[in-house]
1. Of the peptides 36-46, 1-11, how do they stack up when ordered by the mean number of other Cβ atoms within 10 Å, highest first?
2. Suppose all protein chains stay in the model; what accessible area per residue would a 1.4 Å probe give for the chain, in Å²?
3. Once you place label points 7 Å from the Cα toward the Cβ at residue 46 and residue 10, how far apart are they in nm?
4. Lys and Arg at +1, Asp and Glu at -1: add these up for the other residues within a Cβ distance under 9 Å of residue 48 and post the number.
5. Determine the share of the chain's accessible area contributed by carbon and sulfur atoms, expressed in whole percent, with a 1.4 angstrom probe.
6. Regarding region 8-58, what are the three Cα extents along the principal axes, ordered largest first, in Å?
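The values are calculated or read from the model by the stated rules, or taken from the named source; none is laboratory data. What you are looking at is a predicted structure, and each value in this text was computed from that prediction instead of being measured. All Cβ positions, even for glycine, are placed from backbone atoms using ideal geometry, and neighbour counts span all protein chains on display. Ligands, DNA and RNA are excluded from the accessible area calculation, which covers all protein heavy atoms including side chains. Shrake-Rupley method; radii C 1.70, N 1.55, O 1.52, S 1.80 Å.
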Amino acid sequence: MRVLAYSEAQKEATARYNKKAYDRIDVVVPKGRRKVIADYAKAHGKTTNKFIVEAIDRAMEESRRLGQDNGPDRAAGAADEN
């Protein structure tokens, strides 16, 4: 099996796409908690990012379902994020 190098041009193109297609949110957790979260997500077949995004979406949906949400509607495609 041959592994192709990831060129600088490819890295730059990926960075440009990500900047255009995604918003970033930094989450700060106590030391050691990051690994616990990552291990839990992996054990459930998800990336850490997908696990966090799905948890946020579930919390927002539950809030809406219970009639406790006064915020804006979820942006289109939010559930499709990693």
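1. Peptide ranking by packing, descending: 36-46, 1-11.
2. 93
3. So the label points at residue 46 and residue 10 sit 2.9 nm apart.
4. Summing Lys/Arg as +1 and Asp/Glu as -1 gives +4.
5. The nonpolar share, carbon plus sulfur, comes to 54 percent.
6. 35, 24, 22
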